[in-house]
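The values are calculated or read from the model by the stated rules, or taken from the named source; none is laboratory data. The structure presented is a predicted model; accordingly, all values stated were derived computationally and were not measured. All Cβ positions, even for glycine, are placed from backbone atoms using ideal geometry, and neighbour counts span all protein chains on display. Ligands, DNA and RNA are excluded from the accessible area calculation, which covers all protein heavy atoms including side chains. Shrake-Rupley method; radii C 1.70, N 1.55, O 1.52, S 1.80 Å.
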Amino acid sequence: MKILLLFLIIIFSSLSFASPSDTLQIRNNDAKILALRITDEIELDGKLNEHIWLAPNGFENFIQRDPAEGAAPTERTVLRVAYDDDALYVGAKMYDSAPDSIVARLTRRDEWITSDHVTVYLDPYYDKRSGYFFTLNAGGTLIDGVLYNDGWDDESWDGVWEGKVNLDEEGWTAEMRIPFSQMRFNNEQVNVWGINFRRTIARKNERDYLVFIPKAESGFVSHFADLRGMQQISSGGQMELIPYVTARAEYIQHEEGDPFNSGSNYEPGAGADFKMGVGSNLTLNATVNPDFGQVEIDPAVINLSDVETFFPERRPFFTEGSTIFNFGYGGARNYWGFNWSNPDFFYSRRIGRQPQGSIPDEVDYVDYPTGTHIIGAAKLTGKVGENWNVGTIQNVTKREFARVSTNGIHSDLEVEPLTYYGVIRAQNEINEGRQGIGIISTAAVRGFNDNRLRDELNKSAISLGLDGWTYLDASKTWVLAGWTGASYVNGNTTRMIDLQKSSRHYFQRPDADYLNVDSTASSLSGYAGRFYINKQRGNFFVNTAFGFISPGFDVNDIGFMFRADQINWHAGGGYEWTDPTSFYQFMTIGAAVFQNYDFGSNVTWQGIFHFGFIEFPNYYSIDWTAFYNPQTYNNTRTRGGPLTINPTGYGGDAILASDNRNDWIVKLGGSAYNGDPSWNWDINAGLEFRFLPNLSFIISPQYSRIFEFAQYVDTFDDPTATNTYGKRYVFAELDQKTFSASIRLNWTFTPKLSLQLYVQPLISAGDYNNYKELAYPGTYEFNTFGEGTSTFDPNDGTADPDGEGPAEPLEIGNLDFNIRSFRGNAVLRWEYLPGSVIYFVWTQTRSAAEEVGDFQFDRAFSSMMLLEPDNIFMIKFTYWFNM
């Protein structure tokens, strides 16, 4: 009832603030920027000394957005645009009254750093929803990406374009050449694009725009000015070919007598990527024998939960142009989720991942593939008609085998079947993006040769989803957005039983009368959805949502999800103060209430959440949260067993950050949670030192302490355990201490040559004590082994639940752990020609584990550095052909 009352208060408050409270208006969105056709060749040197840059079409009526919103800029800026048959040219003159104070830091491509910079935003389709951005900082670093959802951006896209800068006594100048072949747009006799421009003056934290959009306003691309004057230009028909060759040398640890691993391995490789414009609106990407190795390694993690760790995609073939495949996100500006994990219908890291097949226990040695080879992959993205955004990815991965040796006999064992992965996505944006509707369909189909794998993997999996949005008023203040979808997987009965019992579903829960394991099932299906009503224009904002995932929903074959069997809602709101005062530069404060249920109507999580952020006039900032969670049920702690109780808890976190304009930047943070008797806390820091304009060092250490009163250990069958459905659910108190750090050194020699070093040490120790079993379902009560009639032998980890009684002893063993890991890599990147790159990569890993629960940093760190490392060296050479 209290949660419902808070919900009604938030909704009532939102209605009273329904009109935007800001008085600032959008300006210059009706401006017309004229692009002049080039008659003489331009030498791209950043000096703007060609005749075209002296023409009278310059625009300089910029407006400040930060720090004084709506004020005139403190420095003059002049923008000019030109074009020829092949490319768009941008020339910008940034006057500066103190040219010796221009911040011209140099870093590797696509890395934002505090520096003076200029950005041109383009909407070539003129759809008021999407586009591209191209950035040059005063040091010469190039940054680019795509725009979507009328304000979101994605920097994973890398175009082949050029930019140069020049610093002089009047300020600095920037010159860009952006080939039309890198963008998609409609082929028309006369083209009209959307355009915006931003200048950043780093020492003043000032950002000036061609089109001024107040902070309390909604949308970005939809407010762009017009870029006119371009005639008889085309982007279609161009082809790009990027062949590559690689050389890889591995020096790794191995067991004595291992017939498959001598400690060294050398592997050459070759392949090619192909890109072609299909008409003016579509782009076809294809690859033959692709190199899908990651340049940067994933961080080490300690995962004691029952769900998979999510790692982001880093492979260019999948990241570039990936925004079209974002399902369920459109129209709304923010998609909050309190204890809600939105399922991803498409998770590209499923393609090419490490094989999933098991290895028999009797095998002596094994050479297991680290990934699945992709036979071929193709991707088609772009627009069809006026408003349809479309995309499809088609992949086939080869059958993979592990080499095994048993009693000296070598053989090959299939560990991954031949598999097809397919995704089709389409989205129609209507009425200049005021409404939208989309569809996504995915499929994974496997062809088995080894029947053993039929018991371990789904034969096929398909999903279908619909998403969309509509603004509820003419001013785009309120928006309704959402998605719904269904899934279907099939396989043999053994596989379906395992799937029903997996951590995503837990159909075997004995006290869940709405669930049961169907031992005859050959398929599993389900449905899911989530819907939002948000207020996102004006200083006062509201964010509400309702979502559900049925118990049988599963998209994990080609997507990603943590858990099914969820019903979730939240209602939240807040206020943003955008006019600077003597106390703050910017401030926002908000709150929300939320609840989770399962499909059996059990409340599995609920709470009250508060958040805030303040940027002070000196540009220091603080970001904080606080929350309270009343008692609820837990339907996953016993991992397929009965319900338990989540005790009442409360906690919060805070981050303090210094002014990022300085040559040194400090961040200090921490969090704490008390769910008596469990608790946890952590402290973290971020230190960045900029020794030179092209050299930075970043270290981010973190230390955490977790005390879990009921850490899951194992489940044992015991017909005498009548209180807990014939099973004993064993837990223990876990005291875990973890230290980790992320260390980076970025050294950029030129805008095209950079060196990046990354190191991650991790030390984690866990001490298990007071082993116990769940006493009664639906409680947080436990019987501790060694108390009453039960016994526990700490020497071998054997527990006897009733001593001399009929229950069989439980062999638990020693679960204490001490894990030491050291990961690092060095990447030298040289773009020796536009679009052509050479990589030199060195990756080193060291790791060890002991059954010891003591955390001794000095001993652990010293022993970690004495471990024998695994070293991998790689050279990759690519060459860009533009045909």
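Just one of (1) farther than 30 Å from N534 by Cα; (2) touching a residue at least 24 places away in the same chain (Cβ under 8 Å); (3) of a type outside the set (S, T, Y); (4) in contact with an Asp or Glu (Cβ under 6 Å, 6 or more places away or on another chain) fails for P214. It is (1).
Residues that are open to solvent by less than 50 Å² (accessible area, probe 1.4 Å) and in contact (Cβ under 8 Å) with a residue 60 or more places away in the chain within segment 666-699 comprise R690, N694, S696, listed in sequence order.
Taking the condition assigned to a loop (DSSP other than H, G, I, E, B), of a type in the set (D, E), closer than 26 Å to A461 by Cβ and open to solvent by 50 Å² or more (accessible area, probe 1.4 Å), does E362 pass? The answer is no for E362.
Kindly indicate whether any position in segment 181-198 is farther than 21 Å from N281 by Cβ, open to solvent by less than 20 Å² (accessible area, probe 1.4 Å), aliphatic (A, V, I, L, M) and assigned to a strand (DSSP E or B). The answer is no; no qualifying residue exists. If we keep just the residues of segment 368-396 that are under 22 Å from Q427 (Cα atoms) and of a type in the set (S, T, Y), which is modelled with the highest pLDDT? Going through the qualifying residues, I end up with T392.
Within segment 570-619, the set of residues being closer than 27 Å to D511 by Cβ, open to solvent by 20 Å² or more (accessible area, probe 1.4 Å), in contact (Cβ under 8 Å) with a residue 60 or more places away in the chain and assigned to a strand (DSSP E or B) comprises Q595, W605, Q606. Just one of the numbered conditions (1) part of a loop (DSSP other than H, G, I, E, B); (2) surrounded by fewer than 18 Cβ atoms within 10 Å (Cβ to Cβ) is not true of L24; which one? Only one criterion in (1) part of a loop (DSSP other than H, G, I, E, B); (2) surrounded by fewer than 18 Cβ atoms within 10 Å (Cβ to Cβ) is unmet by L24, namely (2).
Matching residues to (1) more than 30 Å from F548 (Cβ to Cβ); (2) touching a residue at least 60 places away in the same chain (Cβ under 8 Å):
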{"site": "F317", "(1), (2)": "yes, yes"}
{"site": "T323", "(1), (2)": "no, yes"}
{"site": "N326", "(1), (2)": "no, yes"}
{"site": "Y347", "(1), (2)": "no, yes"}
{"site": "R353", "(1), (2)": "no, no"}
{"site": "N389", "(1), (2)": "no, yes"}
{"site": "V396", "(1), (2)": "yes, no"}
{"site": "F401", "(1), (2)": "yes, no"}
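May I ask you to verify whether G538 is in contact with a Pro (Cβ under 6 Å, 6 or more places away or on another chain), open to solvent by less than 10 Å² (accessible area, probe 1.4 Å) and not hydroxyl-bearing (S, T, Y)? Yes; evaluated as a whole, the condition is true for this residue. Screening S487 on (1) in contact (Cβ under 8 Å) with a residue 60 or more places away in the chain; (2) over 18 Å from P642 (Cα atoms); (3) among the polar types (S, T, N, Q); (4) assigned to a loop (DSSP other than H, G, I, E, B) shows it passes everything except condition (4). For segment 156-180, filtering for residues that are open to solvent by 40 Å² or more (accessible area, probe 1.4 Å) and at pLDDT 90 or above leaves 8. One residue alone among Q711, Q702 is closer than 23 Å to N814 by Cα and either in contact with a strand residue (DSSP E or B) (Cβ under 8 Å, 6 or more places away or on another chain) or surrounded by 18 or more Cβ atoms within 10 Å (Cβ to Cβ) (or both), and that residue is Q711. Assess whether P259 counts as being open to solvent by less than 20 Å² (accessible area, probe 1.4 Å) and part of a loop (DSSP other than H, G, I, E, B). Considered against the rule, which asks whether it is open to solvent by less than 20 Å² (accessible area, probe 1.4 Å) and part of a loop (DSSP other than H, G, I, E, B), P259 comes out as no.
Restricting attention to segment 779-792, does a residue exist that is surrounded by fewer than 15 Cβ atoms within 10 Å (Cβ to Cβ), touching a strand residue (DSSP E or B) at 6+ places or on another chain (Cβ under 9 Å) and of a type in the set (D, E)? Yes: one or more hits. Given the criteria surrounded by fewer than 21 Cβ atoms within 10 Å (Cβ to Cβ) and farther than 13 Å from A174 by Cα, does P67 qualify? Yes: the conditions hold for P67. Within segment 697-730, being under 30 Å from G669 (Cβ atoms) and of a type in the set (A, V, I, L, M, F, W, C) holds for F697, I698, I699, I706, F707, F709, A710.
Looking at segment 87-155, the strands (runs of 3 or more DSSP E) lying wholly inside it that each contain 2 or more residues that are among the polar types (S, T, N, Q) and buried (at least 22 other Cβ atoms within 10 Å of the Cβ) sit at 131-137.
Within segment 269-288, the set of residues being at pLDDT 85 or above, open to solvent by less than 30 Å² (accessible area, probe 1.4 Å) and under 15 Å from G159 (Cβ atoms) comprises T283, N285.
For segment 646-665, enumerate the residues that are β-branched (V, I, T) and surrounded by 17 or more Cβ atoms within 10 Å (Cβ to Cβ). Those that are β-branched (V, I, T) and surrounded by 17 or more Cβ atoms within 10 Å (Cβ to Cβ): I655, I665. Assessment of segment 858-866 against the conditions (among the aromatic types (F, W, Y) and surrounded by fewer than 18 Cβ atoms within 10 Å (Cβ to Cβ)) yields at least one matching residue.
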